[in-house]
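Participant: Can you keep this structure in mind? I'll have questions shortly.
The values are calculated or read from the model by the stated rules, or taken from the named source; none is laboratory data. Predicted, not measured: the structure shown is a model, and the values here were computed from it. Note that we place each Cβ from the backbone using ideal geometry, even for glycine, and neighbour counts take in every protein chain shown. Heavy atoms of the whole protein, side chains included, go into the accessibility calculation; ligands, DNA and RNA do not. Shrake-Rupley method; radii C 1.70, N 1.55, O 1.52, S 1.80 Å.
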Amino acid sequence: MQSGKAGGPVSHISQAYPDRVTVRGRDLAGDLMGRLSFTEYFHLLLTGREPTAQQRFFLDVLLVAIAEHGMMPTNVAARMTLAADPGSLQGAVAAGILGCGPVLLGTAEVCARLLQEAQEQVAAGAAPQTVAAARVRAIRAAGGRLPGFGHPVHRPLDPRAERILELADARGVSGAHVLLARSLRDAAAHAWGRPLTMNVSMPIAAVLLDLGFEAATVKAIPILARTAGLLAHLAEEQQHPLGFLMAARAEEAIAYEPPAEEPPR
């Protein structure tokens, strides 16, 4: 099944020639190397445009915020993969990234979709607080989980989320999507009868949308950031192996119970 719009056999990203490499219409060696930081280059690759000062600043902030968070499942999977195949650094990185989904790391994309849909209602004339309350009530009534809220460690606040919002306010970036994120937080506290932690995924999505990023590109930021964290864990794993220790601890932590015998037929 084809994904996205049908088009001709054309790419707008890059082409290598015998004497040069062209990236997004720019000469890689003659223009980009030595002028753009990696963050700026990533923005160019992803969007086709060089970032504004605000876009570059917040890409840096968000990449730093989400790159590392301890022994998360992504890092554990990568370390155990490298323990099983010490020569496959790339396979271990891939094992960690494969865990980027709607529960871990990929949550920012789900938040972006929610905010984008909510903002369409606001643009049609509804009040942000009204839209947020209706969305939260519907999720609560269905027994679902509100994307971007709740955290097993950070309570009552996620310090990363609070810092992103603080910087967005200070630099005048907070816009309609940040307002909706805050409205969702208020609505969630009312619906659940207690405050819910706004985790880092919601302000990542809100700030990126307010900076003009497409919702479809939001997931790229945590994937890129966590790749850096994975490489750090794998460098440590090569020097100070923990993968098999983790496997042993898992064996110790999980009790085995034989299946119940089926009654005779």
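Participant: Calculate, axis by axis, the spread of Cα positions in the stretch 100-172 along the three principal axes, and write the results as whole Å, longest axis first.
Facilitator: Here the Cα extents, ordered largest to smallest, are 35, 34, 24 Å.
Participant: Here's a follow-up. Using a cut-off of 12 Å between beta-carbons, work out the net charge of the residues near GLN119 (Lys and Arg +1, Asp and Glu -1, GLN119 not included). Please report the intermediate quantities before stating the final value.
Facilitator: Values: positive: ARG113, ARG135; negative: GLU117, GLU120, ASP210.
Summing Lys and Arg as +1 and Asp and Glu as -1 gives -1.
Participant: Please list log₁₀ I(q)/I(0) at q = 0.13, 0.17 Å⁻¹ for the stretch 144-250, using the Debye equation with identical point scatterers on the alpha-carbon positions.
Facilitator: Log10 of I(q)/I(0), two decimals: -0.63, -0.89.
Participant: Separate question: Based on the Cβ-Cβ distance from ALA84 to ALA16, what FRET efficiency comes out when R0 is 41 Å, to the nearest 0.05?
Facilitator: Details: r = 35 Å, r/R0 = 0.86.
Given R0 = 41 Å and the Cβ-Cβ separation, E is 0.70.
Participant: Per residue, how many Å² of accessible area does the chain show with a 1.4 Å probe?
Facilitator: Numbers: 15040 Å² over 265 residues.
Accessible area per residue: 57 Å².
Participant: Could you size up the charge dipole of the stretch 176-233 around its Cα centre, putting +1 on the beta carbon of Lys and Arg and -1 on that of Asp and Glu, and report it in debye to the nearest 20? Before the final figure, lay out each step's value.
Facilitator: Numbers: 5 positive and 3 negative charges, 39 e Å.
So the magnitude is around 180 debye.
Participant: Students often get this wrong, so try it: which of [x] 1, 6, 12, 16, 17, 14, 12, 10, 6, 4, 2, 0, 0; [y] 1, 5, 10, 12, 14, 14, 14, 11, 8, 5, 3, 1, 1, 0, 0, 0; [z] 1, 5, 11, 17, 19, 18, 13, 8, 4, 2, 1, 0, 0, 0 is P(r) over Cα pairs in 5 Å bins from 0, in percent as calculated from the structure shown?
Facilitator: Evaluating P(r) over Cα pairs in 5 Å bins from 0, in percent on these atoms matches [y].
Participant: How would you rank 153-162, 99-108, 76-85, highest first, on the average number of other Cβ atoms within 10 Å across their residues?
Facilitator: Numbers: 153-162: 15.3, 99-108: 18.5, 76-85: 20.5.
With the highest mean Cβ count within 10 Å placed first, the list reads 76-85, 99-108, 153-162.
Participant: Per DSSP H run of n ≥ 4, the term is -39500 (n - 2.57); total these for the chain, divide by its residue number, and report the mean residue ellipticity at 222 nm rounded to 500 deg cm²/dmol. Don't skip to the answer; put the middle values down first.
Facilitator: Working: 11 runs with 146 residues, N = 265.
Using -39500 (n - 2.57) per qualifying helix, the result is -17500 deg cm²/dmol.
Participant: I've got another one for you. About the Cα centre, and with charges only on the beta carbon of Lys, Arg (+1) and Asp, Glu (-1), how big is the dipole of the chain? Nearest 20 debye, please. Could the numbers behind the result be given before it?
Facilitator: Values: 24 positive and 25 negative charges, 152 e Å.
So the dipole magnitude of the chain works out to roughly 720 debye.
Participant: Over all Cα pairs of the stretch 1-138, how is the pair count split among 5 Å bins, expressed in % and running from 0 up to the last occupied bin?
Facilitator: 2, 8, 10, 11, 13, 16, 18, 12, 6, 3, 1, 0
Participant: Then there's this: Hey, if you put +1 on the Cβ of every Lys and Arg and -1 on every Asp and Glu Cβ in the stretch 107-265, which of ALA253, ALA133, GLN239 ends up farthest toward the positive end of that dipole?
Facilitator: ALA133
Participant: I would also like to ask the following. Highest GNM mean-square fluctuation, the chain, Cα pairs closer than 10 Å: which of ALA188, ALA95, ALA250?
Facilitator: ALA250
Participant: Something else: Give me a comma-separated list of calculated 3J(HN,Hα) values for the stretch 248-256, in order, Karplus coefficients 6.51, -1.76, 1.60 applied at θ = phi - 60°, integers in Hz, x for any Gly or Pro.
Facilitator: 5, 5, 5, 4, 5, 7, 9, 7, 9
Participant: What are the equivalent ellipsoid semi-axes of the stretch 223-263, built from the alpha-carbon gyration tensor (square roots of five times its eigenvalues), in whole angstrom, biggest first? Numbers along the way, then the final one.
Facilitator: Working: eigenvalues 254, 45, 6 Å².
One finds semi-axes of 36, 15, 6 Å for the stretch 223-263.
Participant: Something else now. Report the antiparallel proportion of the DSSP beta bridges in the chain as a percent, rounded to a multiple of 5.
Facilitator: Working: 7 of 8 bridges.
In the chain, DSSP labels about 90 percent of beta bridges as antiparallel.
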